[in-house]
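Submitted below is the structure of interest, expressed as structure tokens.
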Amino acid sequence: MNHLLEVEHLKVTFPTYGGEVQAVRDVSFSIDQGEVVAIVGESGSGKTVTVQTIMGLIPTKNIKAGNIRFNGKDIHLSKKEMRKLKGSEIGMVFQDPMTSLNPTMKIGKQIAEGIRKHQKLSKAEAKQKAIELLRLVGIPNAEERYHQYPHEFSGGMRQRVVIAIALACNPKLLIADEPTTALDVTIQAQILDLMKDLQRKMGMSIILITHDLGVVAEMAQRVIVMYGGTVVETGSVFDIFENPKHPYTWGLLRSIPNLHDKEKKRLVPIDGSPPDLFSPPKGCPFAPRCPYAMEICVEKSPQEFDISNGHTASCWLNDPRAPKVEAFIAAGRE
Ligand code: SF4
């Protein structure tokens, strides 16, 4: 089966005065049509750099290896190719709506321009479509709001406008990087409901970057857990929440007592610091912080173990010869 998006062995580095930062190290994953996949991890885990590479926001010289295929076609990681896809097949929503909106241009014009860039429509048709999109994302009095500037909108309404711009060309994939982090809790829930509703109506795929496991449980079908520039575990939401197989995932899960708890929880920091990405360890990147680290963990990077269909974890504890640990310590089960 063809995946909508395939990322294979992606490697991204950034030169700095202190040396080369290995931000993404051999990352592979795929997304299917209509799937909502969350990428979670602490800051510095490589999640944002990974999606920025997919979006063509990382200079080609920093991409040291890897392939990205979208809708069966190789994207040669050039800015030109990515620009073609952006806005036509891939839409983007960022944390701060003001970074995506031009403060000096009326909202409606910004949406209509996006539409006309990718579709052959007259000005009047693009305006009509822009008004329809404003309605679709739940902006009341869309005709009047069309003529207003971003500063006349609240934070939540601005994020709705950004979503309308992202949807303007019926994207197959929407990439949302912490889309609700800057909003207050009630508005967050409304924006998530809107995204869920639109995803169902339009059948698009969503990659959701978040550090909030409550959002993951609410939105995603599949989860990719990243640590130290690598994917350490991937599986369905059920696999990750109910049968996690990596000590880093166990650490993340301690921040949510159970899936049905409505209270908003953030990831609690795990003891120790993330790995030094100037010279990543040769073994498991989590070893210095892992209470279960064994000799082999320091010596040899763990292979990816298949746990069940679609569930993998890169941790030596999943080797049949490894000691069985009392490890299922997602909070609430301790
Ligand atoms: Fe811990 Fe070893 Fe598993 Fe890494 S491979 S997470 S150090 S047990």
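The values are calculated or read from the model by the stated rules, or taken from the named source; none is laboratory data. Since the structure is predicted, the reported quantities are computational estimates derived from the model, not experimental observations. Ideal geometry is used to build each Cβ from the backbone, glycine not excepted, and the neighbour counts take in all protein chains shown. Keep in mind that these areas ignore ligands, DNA and RNA; they rest on the heavy atoms of the full protein, side chains included. Shrake-Rupley method; radii C 1.70, N 1.55, O 1.52, S 1.80 Å.
Which helices (runs of 4 or more DSSP H) sit wholly inside region 123-228 and have at least 3 residues that are over 21 Å from VAL37 (Cα atoms) and under 21 Å from the mean Cα position of the chain (by Cα)?
155-167
Could you count how many residues in region 27-53 are crowded, with 19+ Cβ neighbours inside 10 Å and among the hydroxyl-bearing types (Ser, Thr, Tyr)?
Of the residues in region 27-53, 4 are crowded, with 19+ Cβ neighbours inside 10 Å and among the hydroxyl-bearing types (Ser, Thr, Tyr).
Among the residues of region 238-249, which ones are part of a helix (DSSP H, G or I), touching a residue at least 12 places away in the same chain (Cβ under 8 Å) and open to solvent by 20 Å² or more (accessible area, probe 1.4 Å)? First the steps, then the outcome.
In the first step, residues of region 238-249 are kept if they are part of a helix (DSSP H, G or I); the result is 238-242, 247-249.
So of that shortlist, the ones also touching a residue at least 12 places away in the same chain (Cβ under 8 Å) come out as 239-241, 247-249.
Correct list: ASP239 only.
When only residues in region 281-316 that are buried (at least 20 other Cβ atoms within 10 Å of the Cβ) and of a type in the set (A, V, I, L, M) count, which is farthest from the ligand (Cβ to nearest atom)?
Only one residue tops the list, namely ALA313.
Would you kindly identify the strands (runs of 3 or more DSSP E) lying entirely within region 1-46 that contain at least 1 residues that are free of Cβ contacts under 8 Å to residues at least 60 places away in the same chain, farther than 17 Å from ALA176 by Cβ and of a type in the set (Ser, Thr, Tyr)?
By residue number, 5-16, 19-31.
Name the pairs: first residue in region 286-303 and closer than 18 Å to VAL225 by Cα, second residue assigned to a helix (DSSP H, G or I) and hydroxyl-bearing (Ser, Thr, Tyr), Cβ to Cβ under 6 Å, at least 6 apart or on different chains?
Short answer, once both residue conditions are applied: PHE286/TYR248.
Here's a follow-up. With the requirement that a residue be assigned to a loop (DSSP other than H, G, I, E, B), at pLDDT 55 or above, surrounded by 14 or more Cβ atoms within 10 Å (Cβ to Cβ) and within 20 Å of the chain's Cα centre (by Cα), what does region 250-271 give you?
Result: SER255, ILE256.
Also, I was wondering about something else. Considering each residue of region 272-291, count those that are under 23 Å from the mean Cα position of the chain (by Cα) and not in a loop (DSSP other than H, G, I, E, B), and give that number.
0
Among the residues of region 220-243, is there at least one that is under 28 Å from GLU113 (Cβ atoms) and touching a strand residue (DSSP E or B) at 6+ places or on another chain (Cβ under 6 Å)?
no
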